[in-house]
Amino acid sequence: MRPLRAVLLLVALAPASGCLLGPSYSRRPIEKPESWIEPVPSGVAADAATGFALFDDPVLDQLIATAFERNLDLAAAWWRIEEARAQLGIARASSLPSFGYSAGAIRAEPSELVQPSAGTVEDYSAALDVAWEIDLFGRLRRSTEAARAELLATEAGRRALALALAADVAATYFTLHALDDQVAIAERTLAGRRASTALIRSRFQGGVASELELRQAEIEEATAEAAVPSLERSRARAEHALRVLLAEIPGPVPRGAPLAERALPPDVPAGIPSELLERRPDVVAAEELLHAATARIGVAEALRWPSLSLTGAVGVESRELSDLNSGDASFSNLAANLVGPLFEFGKNRRRVEAARAGAEQAALAWQQAALVAFREVEDALVDLRTARLEQAARERQAASAGAAVRLSRARWDGGVTSYLEVLDLERSQFSSELAESSAREATFNSLVRLLKALGGGWESPAPPAR
């Protein structure tokens, strides 16, 4: 049993021995702004950790929770994490001894021509085997380091997917609200224009209105009539798209309060630019992939050096099955094998070069992810500010258009102007009300894009049931 004791002693002492080849990962310097160019809305808390709860909409919160629970892409992301965790376990296990067992029974009758009078030969054995590669140059440790970084990258990728999913649900939800509003505007406009057309037709038949006024009224009625099914089609498609995000077949989608009855949240968790590298899951994933690629350089470097493997076995062997339990049947062995490359026409050197090239690509990808993150935040801040200004202008435009229609109708009723003026202003009112609704939607969705650009902040979804 002494060889086994020696192996176990080496297992205990090995972690303290051996060198570690290849560069150790450290974050490279990256240019980042000290503050945002676009002013952040007043009242913003730099350390706020909120997400779409800012909208204070229980219906939206429930839709996002349902998407986290049921979305198929997010479920697949969880299994990618499990796969990466298993790969890390494999890498860790590769650095430890492996134990196995073997047993055999042989009964042979050699040829009399080869072994005259040999008779029947029997051999029975049972053994416990052990094999272990000593990690002299850190190949196995670097492999474990790379697998750990890839697991963290996969987990960050799942968070990025959850962030994109929540943003898609919120954006589609607000689009549905806007389309509800626009369908109502079109239906209300259509009802008014049908009444106006009927009135003009009766006046035309009485010789009071001209045919031109009648035809113009019919044109405007048909315009409003065509807008209703067009907007209904867009609304149905948006509902179907949202149901797919929830992993549900097409059907109705619940709504909260209309957008016109809501106040946009004043507080946005913008934070400072340097925090973005830690908050954005896609940036975190890119950096972990860079870490993994850096560790792979050490793996390639270690392949250029020899490896030391230990093998051993303890067991019993006898020519008679009944003698296996006797003390004389026991055996043991321990062997060490040192193997290494001698001349492979530069293959191992090329492995190192390939690993270094892969690490440089990963570094550029991480830097690009950070630059895109900074740009998306600045874009979203600009979008939010300008969308608020546009919404305010559209609201004033719609209010003025409504007042102008009322005045024009009064003038027409008094015989001061023609009905063509009324129709022209009603057309302007219809367009301005639709534009107001679209501007309100753009304002809410610009805040959705800002929350997504900042890296979210809600609680991570729970793993799917097994």
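The values are calculated or read from the model by the stated rules, or taken from the named source; none is laboratory data. Just so it is clear, the structure is predicted and the values come from calculations on it, not from any experiment. No Cβ is skipped: glycine too gets one built from the backbone with ideal geometry, and neighbour counts run over all protein chains shown.
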(message) Any residue that is in a helix (DSSP H, G or I), of a type in the set (D, E), at negative phi and at pLDDT 90 or above - is there at least one of those in region 150-161?
(response) yes
(request) Output the number of the condition that G415 fails; it satisfies all remaining conditions of (1) assigned to a helix (DSSP H, G or I); (2) surrounded by fewer than 21 Cβ atoms within 10 Å (Cβ to Cβ). (result) (1)
(request) Output the residue which, of all residues in region 418-439 that are crowded, with 16+ Cβ neighbours inside 10 Å and hydrophobic (A, V, I, L, M, F, W, C), is nearest to L212 (Cα to Cα). (result) L423
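The rows are residues; the columns are (1) among the acidic types (D, E); (2) assigned to a helix (DSSP H, G or I); (3) crowded, with 20+ Cβ neighbours inside 10 Å.
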| site | (1), (2), (3) |
| --- | --- |
| S125 | no, no, no |
| A131 | no, no, no |
| R141 | no, yes, yes |
| D168 | yes, yes, no |
| Y173 | no, yes, yes |
| L179 | no, yes, yes |
| A195 | no, yes, no |
| I200 | no, yes, yes |
(message) I'd like the full set of residues that are closer than 24 Å to C19 by Cβ and in contact (Cβ under 8 Å) with a residue 40 or more places away in the chain, limited to region 306-351.
(response) P306, S307, L308, S309, L310, T311, N348, R349, R351
(message) Exactly one condition in (1) in contact (Cβ under 8 Å) with a residue 40 or more places away in the chain; (2) part of a helix (DSSP H, G or I); (3) farther than 27 Å from A387 by Cα is false for L214; which is it?
(response) (1)
(request) Could you please let me know if A357 is surrounded by fewer than 15 Cβ atoms within 10 Å (Cβ to Cβ), in a helix (DSSP H, G or I) and not charged (D, E, K, R)? (result) yes
(message) Suppose we keep only residues that are of a type in the set (V, I, T) and under 16 Å from F374 (Cα atoms) within region 15-49. Which one would you say is modelled with the lowest pLDDT?
(response) V40
(message) Suppose we filter A91, A53 for residues that are touching a residue at least 60 places away in the same chain (Cβ under 8 Å), out of contact with any Phe, Trp or Tyr (no Cβ under 6 Å at 6 or more places or on another chain) and part of a helix (DSSP H, G or I); which single one remains?
(response) A53
(request) Could you tell me which residue of region 285-310 is farthest from D123 (Cα to Cα), considering only residues that are surrounded by 18 or more Cβ atoms within 10 Å (Cβ to Cβ) and hydroxyl-bearing (S, T, Y)? (result) T294
(request) Scan region 302-338 for residues that are assigned to a strand (DSSP E or B) and under 30 Å from R350 (Cα atoms) and report the count. (result) 7
(request) Could you run through region 369-385 and say how many residues are touching a helix residue (DSSP H, G or I) at 6+ places or on another chain (Cβ under 8 Å) and either among the small types (G, A, S) or without any contact (Cβ under 8 Å) to a residue 24 or more places away in the chain (or both)? (result) 4
(request) Scan region 389-412 residue by residue and report those that are among the basic types (K, R) and crowded, with 17+ Cβ neighbours inside 10 Å. (result) R394, R409
(message) Every residue in region 62-80 that is under 18 Å from L152 (Cα atoms), under 12 Å from the mean Cα position of the chain (by Cα) and not small (G, A, S), please.
(response) L74, W78, R80
(request) Within region 303-338, track down each residue that is under 19 Å from R142 (Cβ atoms) and either in contact with a Lys or Arg (Cβ under 8 Å, 6 or more places away or on another chain) or among the β-branched types (V, I, T) (or both). (result) L303, R304, S307
